[in-house]
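What follows is one structure encoded as structure tokens, with my remarks underneath.
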Amino acid sequence: MEIYSVDSTNNYAMRQLKKEIAQHGFAYFAHHQYAGKGQRGKQWKTKAGENIILSVVLNTSSLQVSRQFSLSIAIALAVHDLFSFYTVNNTSIKWPNDLYWCDRKAGGILIENIIRGKDWQWSITGIGININQTIFDPSVLNAISLKQITGKTYDPVQLAKELCNYLGQRYKQLINQGAEHMLAEYNFALYQRNELVKLKKTNALFEATIKAVNEYGQLLVQAGTEQAYNVGEIEWIVS
């Protein structure tokens, strides 16, 4: 479904779900989003009509609530599938689920879940990908778009449809085969894997080598000894 303008496609999808209008696989594409949501309460800023702003409703009742990162793996790989098809090289996934090209951010994912007791009932998967935008808000650091990389202009709606196909394939793979093989793919595409990076915990900066991400979504790093960090525990300092 195409929407001209909305506060947030995730909010819209959630409202549709609560009204029992949305079903599994329903996708909501906005040309303009004026209160987009990013990770950890940040705002997702994007120029109207130039990018992918998409939320997809997924029935997650057959997935274990203790393995929520499995869905993040599938979604991140679907986004990677689309972008790497057009860029060929240098596309990666920055933990936990940002889309990167070289050292610049091309997109992000925000997954919001409906969980009742032990039942993981629904997920709203919000995806933003920079497609044709070439001028970004000064507060958005290291941003890059597909147009800047390839020099071509694209139809965001058509690319969103292609993305939905990749999402369907990856979700089916998750349901039928589990996340084990996809986790290996995720780690193969992991940004700065086996590289020494700067991390920040509380107010302390330290260097560590990125090793992998485990099945629980923890980032494994080598800093004297191997250490595991949950999302939100550390900040990845990208220069």
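Most exposed first by the Cβ proxy, i.e. fewest other Cβ within 10 Å, how do T87, T153, T202 rank?
Ordered from fewest to most neighbouring Cβ atoms within 10 Å, T87, T153, T202 come out as T202, T153, T87.
Which one, G49, F69, F85, projects farthest toward the positive side of the charge dipole computed for the stretch 2-188 from Cβ point charges (K/R +1, D/E -1)?
It is F69.
What's the lysine pair count for the stretch 116-208 at a Cα cut-off below 25 Å, pairs eight or more apart or interchain? Please report the intermediate quantities before stating the final value.
Working: K118/K172; K147/K161; K152/K161; K161/K172.
Taking the stretch 116-208 as the scope, the lysine pair count is 4.
Rounded, prolate or oblate, given the Cα gyration tensor of the stretch 1-110, with a/c below 1.5 counting as rounded?
Cα axes put the stretch 1-110 in the oblate bin.
Out of the DSSP beta bridges found with both residues in the chain, what percent are antiparallel (nearest 5)?
Within the chain, antiparallel bridges account for around 85 percent of the total.
Nearest 500 deg cm²/dmol is fine: what mean residue ellipticity at 222 nm does the chain get from its DSSP H runs of n ≥ 4 alone, each adding -39,500 (n - 2.57), divided by its residue count?
It comes out at -8500 deg cm²/dmol, rounded to the nearest 500.
Using the number of other C-beta atoms within 10 angstrom as an exposure proxy, rank C102, C164 with the fewest first.
Result, fewest neighbours first: C102, C164.
Near the amide H of W120, under 5 Å away, which other amide H atoms are found, from residues 5 or more places off or on another chain, if H is placed in the peptide plane?
V65
When a/c is below 1.5 the answer is rounded, else prolate if a/b is larger than b/c, else oblate, so apply that to the stretch 196-237 with a ≥ b ≥ c taken from the square roots of the Cα gyration tensor eigenvalues. Present the calculation step by step, with values, prior to reporting the outcome.
Numbers: a/c = 1.96, a/b = 1.24, b/c = 1.58.
Oblate, because a/c is 1.5 or more while a/b does not exceed b/c.
For a footprinting-style exposure proxy, rank R15, R193 by other Cβ within 10 Å, fewest first.
With the fewest neighbours first, R15, R193 line up as R15, R193.
Throughout, read-outs are computed from the coordinates displayed, never taken from laboratory work. These numbers come from a predicted model, not from an experiment. All Cβ positions, glycine included, derive from the backbone under ideal geometry; neighbour counts span all protein chains shown.
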